[in-house]
Structures are given as C-alpha cells and as structure tokens.
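So the structure is just underneath, and the comments pick up after that.
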Amino acid sequence: MTKTIVISGGTDGMGRAFALERLARGDRVVVIGSNAAKGDSLLAAAGPDADRARFLRADLSSVAETRKVVAEIESEYQAVDALLLFANRTSPKRIQTEEGFERTFALYYLSRYLLSYGLVPLLERSAQPVIVNIAGVGVRKGAVTWDDPHLTHGYSVVRAQLQAGRANDLLGVSFAGRYGGKIGYVLYHPGFTRSGDLSPLNPVARTAIRTLAALAARPVRTAIHPIHDFVDTPAATPLRAIDRGRSLELSLPTLDPGAADRLSRLTEELLAAQA
C-alpha cells in the first residue's frame with residue numbers, strides 16, 4: 001500500500017537516504033529542506049520516482065515558515081501516514097533567529113514540536129500513523145535550561161545540542177500522552193552515523209569528525225534500516241524509545257512525564273509570546 005511520508009531535513013544524510021529508499025519502494029514523499037539546490041539534487045537522484053516526490057523549501061528554524069509548511073501540506077494532501085523528523089544543524093556560535101529564539105532550539109526542537117502537533121489532523125486520517133523523531137534518546141547528559149532556554153548565558157554547541165535532544169525526548173512523552181491511542185510516536189537514537197551537514201563547523205572540526213566517522217561511525221543505510229520497520233509495522237504502544245536497536249524503559253529520568261508537561265507549557269508560552 002502506498003504511503004504518504006513527510007520528512008523534515010530530507011536533503012542531507014539519513015533524511016535524504018530514507019527519502020530515496022521510500023520513493024524506490026513506491027511511496028509518496030514530501031521532503032522539507034532549506035536548500036533549493038539540494039532539493040533539486042534529491043529530485044534528480046530519484047530519477048523516474050521523482051513524480052511521487054515533493055520538495056518544500058523552508059527554513060525550519062523559523063516558526064512562521066514551519067507553520068506555513070504545515071498549511072501547505074494540509075492543502076495538498078488528504079492524509080499523512082508517517083512524519084520523520086531529521087532536521088538539525090550545529091551552530092558553533094550562538095545565533096538568535098529573527099523571532100527571538102536560539103537557533104538550535106528552534107530548528108532541532110521547535111520545528112519538530114510544530115510539525116508533530118500541526119499535522120495531527122492528517123495523521124489521524126491514516127490507518128496506522130506514526131511519527132519518528134530522530135534525536136538522542138538514551139543519552140542522559142544535558143537538560144532543558146528552564147529559566148534560559150535560549151541559552152543567552154553559557155552557550156556552547158554541545159550544550160545547545162544536548163538541551164534540544166532532551167527537549168525532543170520530552171516532546172515524545174507529552175505527544176504520546178495526548179495522542180498515543182491514535183498516533184504512534186518513536187524516539188530513535190541511531191548512534192554516531194556518517195550523516196549530517198558539517199559545513200557550519202570550522203575546517204579543523206570538520207576534518208576531525210570526518211576522520212572519526214571513517215573509523216567508528218555507522219553507515220547511513222545501517223542507521224536508517226530500523227526506521228522502515230517503524231513506518232511499515234507501527235507498534236501498538238503509544239511511545240517507543242529505541243537507542244541503537246535497544247528498547248529503553250520509559251521510566252528513564254529523561255522521559256519524566258512531569259518534565260514533559262512542564263516543557264509543553266513552556267513551549268506554548270514561548271510560541272504565544274512570539275505571536
């Protein structure tokens with residue numbers, strides 16, 4: 001059965017590879033990315049399958065553009081079977097978006113929040129809908145800085161990535177609490193993978209990561225293989241947490257329901273203030 005799959009961050013790394021594999025399987029794929037040239041490259045790589053592909057250009061660190069993408073998908077599709085959340089990019093220096101958000105928090109977490117909840121009406125029209133959030137579940141380092149989520153003090157690229165990763169863990173918990181009876185949610189940590197855009201990093205850091213990746217990182221195809229199962233055979237449970245093939249207990253401190261509720265309230269306050 002042909003599925004309609006939406007992929008954020010689908011023009012690079014794992015997102016791109018997954019998009020091309022789903023197209024080859026006969027699905028319809030909607031890819032969201034910020035780079036038009038990379039979107040064209042994806043469509044060219046799809047070859048004869050490109051007629052089932054749609055590229056939507058958007059800067060997902062922008063709340064307004066993310067909401068616009070949601071509206072565009074709603075206007076063009078009757079249902080969505082799976083939402084895959086890959087979009088992320090490291091920022092060695094703190095960047096504040098025009099809307100006032102720290103960029104990593106906005107791209108890595110807020111866009112996933114807005115896409116998850118914004119596409120609920122279309123997901124509910126699918127027989128077996130699922131959202132797969134590719135982040136760092138199982139990693140216990142890092143935390144949400146409740147009184148300074150924009151990291152105006154003490155910013156570092158690692159701290160920003162870890163905060164957004166923990167926020168995504170809590171997003172899965174809160175979403176499953178609201179829609180778990182209808183829409184499955186999978187938190188998936190693929191581990192260190194030869195994937196992602198390293199262009200924001202300085203040349204020394206890029207070289208170091210590429211060297212380490214050649215020695216220790218998992219191939220992209222290996223990392224995305226389980227995601228096909230998440231999409232094709234969704235589990236009956238509202239929330240699953242998978243760390244490199246290992247199912248995690250949902251009692252982990254990083255998956256605390258109280259913290260998930262707190263983050264959901266904080267997120268709505270931040271979005272309301274921006275509006």
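The values are calculated or read from the model by the stated rules, or taken from the named source; none is laboratory data. Because the structure is predicted, anything quoted here is derived from the model rather than measured. Cβ placement follows ideal geometry from the backbone for every residue including glycine, while neighbour counts extend to all protein chains displayed.
The test for being crowded, with 17+ Cβ neighbours inside 10 Å, in contact (Cβ under 8 Å) with a residue 60 or more places away in the chain, of a type in the set (S, T, N, Q) and not in a loop (DSSP other than H, G, I, E, B) holds for SER111. Within region 220-233, the presence of a residue that is assigned to a loop (DSSP other than H, G, I, E, B), surrounded by 12 or more Cβ atoms within 10 Å (Cβ to Cβ) and at pLDDT 60 or above is excluded. Residues in region 238-255 that are touching an Asp or Glu at 6+ places or on another chain (Cβ under 9 Å) and not aliphatic (A, V, I, L, M): THR254 only. Taking region 243-263 as the range and being out of contact with any strand residue (DSSP E or B) (no Cβ under 7 Å at 6 or more places or on another chain), in contact (Cβ under 8 Å) with a residue 12 or more places away in the chain and not hydrophobic (A, V, I, L, M, F, W, C) as the test, the residues that pass are GLY245, ARG246, PRO253, THR254, ASP256, PRO257, ASP261, ARG262. Can GLY9 be described as in contact (Cβ under 8 Å) with a residue 40 or more places away in the chain and on the phi > 0 side of the Ramachandran plot? Yes, satisfied. Kindly check whether there is at least one residue in region 60-72 that is farther than 23 Å from ARG103 by Cβ, within 21 Å of the chain's Cα centre (by Cα) and not hydroxyl-bearing (Ser, Thr, Tyr). There is no residue in region 60-72 that is farther than 23 Å from ARG103 by Cβ, within 21 Å of the chain's Cα centre (by Cα) and not hydroxyl-bearing (Ser, Thr, Tyr). Of all residues in region 49-63, which are more than 20 Å from ALA37 (Cβ to Cβ) and touching a residue at least 12 places away in the same chain (Cβ under 8 Å)? Across region 49-63, the qualifying residues are ARG52, VAL63.
Rundown of residues vs (1) part of a loop (DSSP other than H, G, I, E, B); (2) over 18 Å from LEU115 (Cβ atoms); (3) within 19 Å of the chain's Cα centre (by Cα), yes/no style:
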residue: ILE5; (1), (2), (3): no, no, yes
residue: THR11; (1), (2), (3): yes, no, yes
residue: GLY15; (1), (2), (3): no, no, yes
residue: GLU21; (1), (2), (3): no, yes, yes
residue: GLY39; (1), (2), (3): no, no, yes
residue: LEU43; (1), (2), (3): no, yes, no
residue: GLY47; (1), (2), (3): no, yes, no
residue: ALA50; (1), (2), (3): no, yes, no
residue: LEU56; (1), (2), (3): no, no, yes
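Do you know which residues across region 153-182 are touching a residue at least 12 places away in the same chain (Cβ under 8 Å), outside any helix (DSSP H, G or I) and of a type outside the set (Lys, Arg)? Passing the criteria: TYR155, GLY180, GLY181. The condition (being within 14 Å of ASN88 (Cβ to Cβ) and of a type outside the set (A, V, I, L, M)) is satisfied by just one residue among TYR117, TYR179, TYR109: TYR109. Kindly provide the set of residues from region 114-127 that are assigned to a helix (DSSP H, G or I) and out of contact with any strand residue (DSSP E or B) (no Cβ under 9 Å at 6 or more places or on another chain), ordered by number. Answer for region 114-127, where residues must be assigned to a helix (DSSP H, G or I) and out of contact with any strand residue (DSSP E or B) (no Cβ under 9 Å at 6 or more places or on another chain): LEU114, TYR117, GLY118, VAL120, PRO121.
Scanning region 29-61 for residues that are crowded, with 21+ Cβ neighbours inside 10 Å and polar (S, T, N, Q) gives a single hit, SER61. Got a number for residues in region 80-108 being touching a strand residue (DSSP E or B) at 6+ places or on another chain (Cβ under 9 Å) and not in a helix (DSSP H, G or I)? Total meeting the criteria: 14.
Of the listed requirements (1) under 17 Å from the mean Cα position of the chain (by Cα); (2) hydrophobic (A, V, I, L, M, F, W, C); (3) modelled with pLDDT under 95, ALA164 misses just one: (3).
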